[in-house]
Amino acid sequence: MKKVLIITYYWPPSGKASLHWPLDLARYFPENNWKPVILTVEEEKFSHPDHSLLKDLDPGIKTIRTKTWEPFDIYKKFTGKKQDTQLVASETISKTNRKLSHRISIWIRMNLFVPDARAGWYFFGVKGGKDYLQKEKIDAIISIGPPHTAHLTGRKLSEDFSIPHFPVFIDPWVDIVYYTGFKRNMLALKLDNYLERKVVENAKGVIFVTRSMQNDYQLKYPFLKEKSSVLYWGYNEENFSGVYRDRDPADNSKVILHAGNIFDYQNVPFFWKKIKSDIDKGRNLRLRFLGTVSPGIKEAVASAGLNSYTDYKGFLPYKDMLKEMVNADFLFVCATEKRHMPGKLFEYIRTGIPVIAFGNDNEEINEILSENNAGKLFSYSEDGAGVLDYPGKYTTRIDLVKKFDRRNITHHFSEIINKLVPEK
């Protein structure tokens, strides 16, 4: 069996949603004659831990855990937060916080940490990888980013040991959406572009999780047309085993649920207004958020008069989050740009609950929702009434949705690697 090194910053017990893709790759690669080895950090302090995910790990998988340096303890001191405070991603880049210390910390993050705030892992990750590769043979390297520091680590190990590298882009690199509206100096941008180019030039094959991101990168780097592929984020069918709808029969409310992080720039003011209007007309609606909610979103919800109809449940273990999804009546999601497809979209459509999606010019999401009759995409200037008022129109084709099962996606990934990494 050939061996593949998977470089991922996020790994159990981290509760970061980004870990589910590499976790399921590692789970299903052996079915495709690839033995996974994991290179990750000893402890990822930013995200909430989810210890329930540890039981999903195959104890036989070799996991290399290295030290890292994260700047978040310094950030807490600088912004006056207590050291035991759990940081929230949507707050650390929020524009509604006008404190000087917060604004300075954002400038430092955008201009001094290249390619990202996990740059402190690079030297530890490279050393950990080298120590292993000097003793063991690896046939391919996969890196998952962001953080794009993982791609730099993969490139270095690939070059030093002549191993084919396959970077996976969950989000764009230089112009990732959360940079929007923040000023970056020319030196930082030049360095970021240089590092990105070096990674994709060295790569044997580049994987994108959306077709629109692949198209965008091919315009920037035409040579990628010959060595890039699209593999959607998908979901794990096994995770839905034993998860079923079990709402209290006495609960006649209609729950509108958002799972995961939601940022200031994902505000949907007309949707809040529509919800409040329906409530005023006697409709029993509740708005529910799982995960982190930015200050700007909370302010908008409050301004719409929805505070008493809104539940902020915070971080939940993954299985509990799935249960909340299947017990909702509507699921809503906010894409940030035309290249962005939130990973939770695939879990949403697998539940069979009608999906209300917001995103300007995001034809890819619209196609997936339409093809599976799972919901509808609206622009940010619309109110979602097309689904909120007519949920019965959307009966998801679960038989079609199952093509997004990560077992199938891992099989396709294996085919890509097998094609580009010949037998020795």
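Observations, loosely collected:
- Cα gyration tensor shape for the stretch 285-343, rounded if a/c is under 1.5, else prolate or oblate: oblate
- Evaluated with a Cβ-only charge set (Lys, Arg +1; Asp, Glu -1), the stretch 164-274 carries a dipole of roughly 460 debye about its Cα centre, given to the nearest 20.
- For Ser228, the residues whose amide H sits under 5 Å from its own are Val206, ignoring neighbours fewer than 5 places away on the same chain, with H placed 1.01 Å from N.
- Farthest positive-ward along the chain dipole, Cα basis, beta-carbon charges - from Ser241, Ile398, Asn307: Asn307
- Placing +1 on each Lys and Arg Cβ and -1 on each Asp and Glu Cβ, with no other charges, gives the chain a dipole about its Cα centre of roughly 880 debye.
- Listed residue pairs exceeding 28 Å between alpha carbons, taken from Lys135/Lys225; Lys281/Lys402; Lys67/Lys135; Lys183/Lys225; Lys62/Lys323: Lys135/Lys225; Lys281/Lys402; Lys183/Lys225; Lys62/Lys323
- Look at the dipole of the chain built from charges on Cβ: of Thr153, Phe169, Phe29, the Cα furthest out on the positive end belongs to Thr153.
- In loop segments of the stretch 201-308 as defined by DSSP, the chymotrypsin sites (Phe, Trp or Tyr not before Pro) with at most 12 further C-beta atoms inside 10 Å of their C-beta are Tyr244.
- Under 5 Å between amide hydrogens, built in the peptide plane, is the criterion, and for Val255 it picks out Arg286, Asp329, Phe330 among residues at least 5 positions away or on other chains.
- Computed as a quarter of the hull surface, the mean projected area of the alpha carbon convex hull for the stretch 298-379 stands at 6.0 nm².
- Qualifying trypsin sites (Lys or Arg not before Pro) for the stretch 223-271 [loop in DSSP, other Cβ within 10 Å: at most 13]: Arg245, Arg247
- About the centre of its Cα atoms, the stretch 248-406 shows a dipole size close to 240 debye [charges on the beta carbon of Lys, Arg (+1) and Asp, Glu (-1) only; nearest 20 debye].
- Dipole axis of the stretch 330-424 (+1 Lys, Arg; -1 Asp, Glu on Cβ), positive-most option in Tyr348, Thr410, Val333: Thr410
- Just so you know, the Rg over Rh for the stretch 193-301 is 1.15, from Cα atoms, with Rh as the Kirkwood radius.
- Alpha-carbon centroid distance for the pair the stretch 368-415 / the stretch 298-339, whole angstrom: 18 Å
- Rg to Rh quotient for the stretch 241-402, alpha carbon positions, Kirkwood Rh: 0.93
- For Ser143, the residues 5 or more places off, or on other chains, whose built amide H falls under 5 Å of its own are Ile7, Phe166, Val168.
- Note on Ala385 and Leu219: the model spin-label points, each 7 Å out from Cα along the C-beta direction, lie 3.4 nm apart.
Read the figures in this text as sums done on the coordinates, not as results from a lab. Quantities reported herein were computed from a predicted structural model and do not represent experimental measurements. Because the Cβ atoms are built from the backbone with ideal geometry, glycine has one as well, and the counts that use them run over all protein chains shown.
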